[in-house]
Every structure is written in structure tokens, then in C-alpha cells.
Amino acid sequence: MGADFALDVTAAGDTTVATLHDIAAAGIRRTVRAKLPRPGDPDFRQAVHRLADQALQAALGTPGIAATRILFVKDGKVYQIDQDGAEQKLVSSTDRQAMSPAWGADGQHFAYMEFQAGKGWLYLQEMATGKRTAVSTTGTALDFTPAFSPDGQTLAFSRATEEGTDLYTINIKNNCCLRRLTVGRFSDNLSPTFSPDGQRMAFVSTRPGLPQIYVMAADGTDQQLFAPFDYGVTGASNAPEWSPDGQSVAFHRDVAGTLQVFVLDVRTRTVRQLTSVGRNEDPTWAPDSRHLAFVSDRSGYRQLWIIDLDTGRIRPLLQQSGARLPAWSPRLSEAPSSTP
Amino acid sequence: MKSVSLLLALGLGAAVIAGASCGGNPPPQTPVPNADSAAAAERARQDSAAAAQAERDRQARAEADRIARQREADSIAALARGSEEVRNTLAAMIHFDLDKSNVRSDDMGMLDQKVAILQANPNLRIRIGGHCDERGSDEYNLALGNRRAQSAKQYLVSHGIDASRIETQSWGEERPLVNGHDESAWSQNRRDEFEVTSGGDNLRRP
């Protein structure tokens, strides 16, 4: 058969039993039980996805990414879509232009920016209810590129003022304690992304002349170059996102007048280029730190694609022109109960 | 009514004279107009003249009014045209080089005109919106658009305009003026737009 595993799914009363057979070892590796909602129930697809993630975890040791969603921007609005391309849904307001969706680490909240009365407003939104609230300190300037800290207490963002663009944090649990992390009178600092332990933040700074990828402690100290570049040779680098396993930072870089996706190895501080066909930008990590979604015009128009870093395989997520600024969710909701 | 009664009076007089001349051979008489009717005719004539004069006066006044109103309308229109011209000068966009935010020397004259307009209209307040082309990174372009708006504001402020009269905003690449994917579209999209936020009615020329 050439396969390593086989999955056998049966119904036992109201419980679905997925049995994973290890073919090489000629035995049952694991049995996963789940109470699935009726087909047609709004949670049915996600429940099946969670079951699939469990089966994959049983086989490979790490869970899959079936029960995840991707937020993205299209025609100035934020949409969510399941990672398999199903269930597309508008989530931002219908009357204003929005940008830069970002997930909370719990998968229950997300943030984004909306243009409003000449300013950029940051909004926090509950995934389940759609209830949204403006961040308390927003509305006085152009605030953009929100990023949640892993503990969900802090929102980091960029604020553009007369002095340029700088990074700030605010405590979103207590709506207090606005802090400025960068002071770049002659440079812009933007696009923050937390390390998964919450200790550090990667960001974009124009202090070397062109935008490049920098890193600092989460309190703003110890700012330094993160992704190496050759002065006067390497193009602008933007849109960093720290991988959920903490080992990599994906970003895009200008190469010969177009953009390509790169990955920085955090430990060795070396970069490698992942794409070369067409324009490729705004990478976002799947929770397995193995897949990246990104925007590419390789098919003639800009749409969302997914790359598997292990195999190098690239597939389209959407067949829709104009989708951009994707943000991949963590694994959503509780996994179903299982027996070893 | 007066002119009708005058005609009747004259007609009756003529009939009396004719009847008298036909009967026999009386001595020729010089017809003497009835004194009352002559006076009435004279009064009527005068009344009629006065009425005509009043009518002429009325028409003259109406004409004068019409001319005055026209002149006023013309001057308001001229003012509006002037105001429109000032508004257009104020709204004229400036443009930027790729990934740059410095004001180009060929745009400084346009900013000088805006300085003069802002000085001539002290209640005028404006908003400068910075825009980018589609080639840069989407989020970086918000920072770049901000710099473009700020550099135009700095120019106006350094030429004497109070900073509190100028708001800025950045749209990044989110609102292209021209939908195209070539240098012609890109160069038009790398721009600052200027809009009036208040005090923009009846703008005075500098």
C-alpha cells in the first residue's frame, strides 16, 4: 500500500470512533473518540477538523492544522475562512476600511485596524459573538498593526504621529498603561510580533535607511538588528511574524524589485528564501510552525497560498483575487476527549 | 376710465354743433367748447401724462432693480468663481518619488500658493492625506504615507502657518487615485491630497 498509517472511522451510538492503525507495526496506534454534532450543525465541520488533528497527532506526534481559520483582508474588509477554504464570512464592519487582522493566542479574540475620521482605530473582537470594542487609547492618531502578547494581557501596535511611526503597548485587560517602546525621530518602527514566550518582540525599523527586521525585549530595551542584511545591497524587509514554536521569524524582503518570503532562524540568525516565483508577501504561520500562508500573484492575480516548509509544496488557499494580509489562527477550541 | 369719458364728452359736443348747422340758416357761430369739459379734458390729459410717467418711472425702477440684482448675482458668481479657483489651488496634489517623502522642488511653488491662501483666510483649516503606490509593503506604506503628509505639513508650518490648523492622515496604498499597474499609475498615486476641514466658505484670494 505504501502507506504508514490507516485511519478507520466508525459510529458507535452517538460517538464517532477513529482508529489509527500503524501498518508497519501491524497494530492499533491509537483510538480517538468524539461526539460529533449532526452534519449541518454550525460546529460540525470544526469538530471533524479537531478529530482529524487528533488523528494526525497520534500518527506524527504533533497535531494537525485542520481546526484552524485564517483572517484576511479583501476590498478593505476583514474576512475569516476555514483553512480548507470553506465557510468564508465577513467579520469587520461594513462601512469602513479595515486592515491588519491579528489573532489572540486563545483563538477566541482578534484585533484589527479601521480607518475612521482621519485616524486609525484599533478594535478588539470576540470570535464567537462578534462583539467588538475600540481599544481605549485609540482614536487620537493613526494606530495600526496590532499584535497580542501570548498571555492576552497586552496589545502592541504602531502609532504614526508627527515624529514618525513608533511602537507602543497597552494593557487591554485593565485598559491602562500606554507605553512607548521606540523613539525614532528619524525612523519608523512598526509591525510588532511577540515571541511565543512573550519575552521578546520582533519589528520593522527604518533606522538603517531601509526597513529591516529588528528585535527587542518586550519592555522596549535591548533593541538590535535581527535579520542580517548587506547594507546597500539587500532590499527592504517587512511584515515579520514569529513562529508559534519560537524558532523562526517569517517576513518578506524586496528582491530585484519584487517581494519574496524569507524565514529567519532565531538561534543562528541566518535567513533563507522560500519563494521565487512572482511576488510573495505577508507570511503567517500555521500553529504547527510547518505551514505558512502568504499572498502571491504567481497565478496572475494576488491571492492566498499555503506552503509546507517540510516538503516545499505550495497550494492555493483561495481562488479569489485581492485577498491579502492573512493571519492564521491558533488551534481552535478544545480537542475532543480521547483514549490512549 | 378718464380717457373714455373724455371721448364721450367730445362726441356729444360735435353732435350738438352738427344739429345746429343743419337747421335753417343761423349766423355762423364759433363753437365754444364747454368750459367744464375742456377743463376735464385738460385734467384728464394731465392725469394721463402723470400715469404714463408713473408707469415709466415704475419700469425704470424695476429695470434698475433688475440690473442691481444682476450685478449682485454676477459679483457673487465672480466671488464664487474666485473662491472656486482658490479652492482648486488649495486642493492641488503634490507628488513623491518612489519610497520617498521629501517635498520635490517642482512642488514647492504649489505649497507656496497654499501658504498664501492659508494666510489670506485665517479661519481656514485643512487636512493633508498621504498616499502610496501599490509596490511597497501594505503596512509599511501607512508609515510612509504618514511621512508624506508630515513633510507637506512641515513645509507649510515652516512658512508661517500655525500647526494647529493642519491635520494629517495616512491612507497608505489603500486609496489609489488611478487603478493601474504601471509607472504612470504609480507616480500619480504617490501623492498628498489637501482637503478643507473648516472655514472653506467664500475663500479670499491671497
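Comparison of A:PRO63, A:PRO37 shows that the only residue that is closer than 17 Å to A:LEU7 by Cα, open to solvent by 20 Å² or more (accessible area, probe 1.4 Å) and touching a helix residue (DSSP H, G or I) at 6+ places or on another chain (Cβ under 7 Å) is A:PRO63. Suppose the filter is open to solvent by 10 Å² or more (accessible area, probe 1.4 Å), of a type in the set (S, T, N, Q), touching a strand residue (DSSP E or B) at 6+ places or on another chain (Cβ under 6 Å) and away from chain B (no Cβ under 14 Å); does A:GLN88 pass it? Judged against the criteria, A:GLN88 is a match. Among residues of the range A:295-321 that are at pLDDT 90 or above, those with a Cβ under 7 angstrom from a residue that is surrounded by fewer than 16 Cβ atoms within 10 Å (Cβ to Cβ) and of a type in the set (A, V, I, L, M), sequence gap 6+ or separate chain, pair up as A:ARG298/A:VAL277. Just one residue in the set A:LEU304, A:LEU317, A:LEU264 is touching a Pro at 6+ places or on another chain (Cβ under 6 Å) and either among the polar types (S, T, N, Q) or open to solvent by less than 30 Å² (accessible area, probe 1.4 Å) (or both); that residue is A:LEU304. For the range B:75-84, state whether one or more residues are of a type outside the set (Val, Ile, Thr), touching a Lys or Arg at 6+ places or on another chain (Cβ under 6 Å) and at pLDDT 90 or above. Scanning the range B:75-84, I find no residue that is of a type outside the set (Val, Ile, Thr), touching a Lys or Arg at 6+ places or on another chain (Cβ under 6 Å) and at pLDDT 90 or above, so the answer is no. Report whether or not B:LEU177 is open to solvent by 40 Å² or more (accessible area, probe 1.4 Å), touching a Lys or Arg at 6+ places or on another chain (Cβ under 8 Å) and more than 13 Å from chain A (Cβ to nearest Cβ). Yes. Given the criteria out of contact with any Cys (no Cβ under 7 Å at 6 or more places or on another chain) and more than 18 Å from A:ASP197 (Cα to Cα), does A:TRP305 qualify? The answer is yes for A:TRP305. Output the residues belonging to the range B:121-143 that are part of a helix (DSSP H, G or I), open to solvent by less than 10 Å² (accessible area, probe 1.4 Å) and either more than 12 Å from every other protein chain (Cβ to nearest Cβ) or not polar (S, T, N, Q) (or both). Of everything in the range B:121-143, those that are part of a helix (DSSP H, G or I), open to solvent by less than 10 Å² (accessible area, probe 1.4 Å) and either more than 12 Å from every other protein chain (Cβ to nearest Cβ) or not polar (S, T, N, Q) (or both) turn out to be B:LEU142, B:ALA143. For the range A:177-191, does any single residue satisfy the condition of being more than 14 Å from chain B (Cβ to nearest Cβ), closer than 23 Å to B:SER170 by Cβ and open to solvent by less than 10 Å² (accessible area, probe 1.4 Å)? Checked the range A:177-191: no residue is more than 14 Å from chain B (Cβ to nearest Cβ), closer than 23 Å to B:SER170 by Cβ and open to solvent by less than 10 Å² (accessible area, probe 1.4 Å).
The values are calculated or read from the model by the stated rules, or taken from the named source; none is laboratory data. Everything numeric in this text was worked out from a predicted model, so none of it was measured. No Cβ is skipped: glycine too gets one built from the backbone with ideal geometry, and neighbour counts run over all protein chains shown. To get the accessible areas, we keep the full protein, side chains included, count just its heavy atoms, and leave off ligands, DNA and RNA. Shrake-Rupley method; radii C 1.70, N 1.55, O 1.52, S 1.80 Å.
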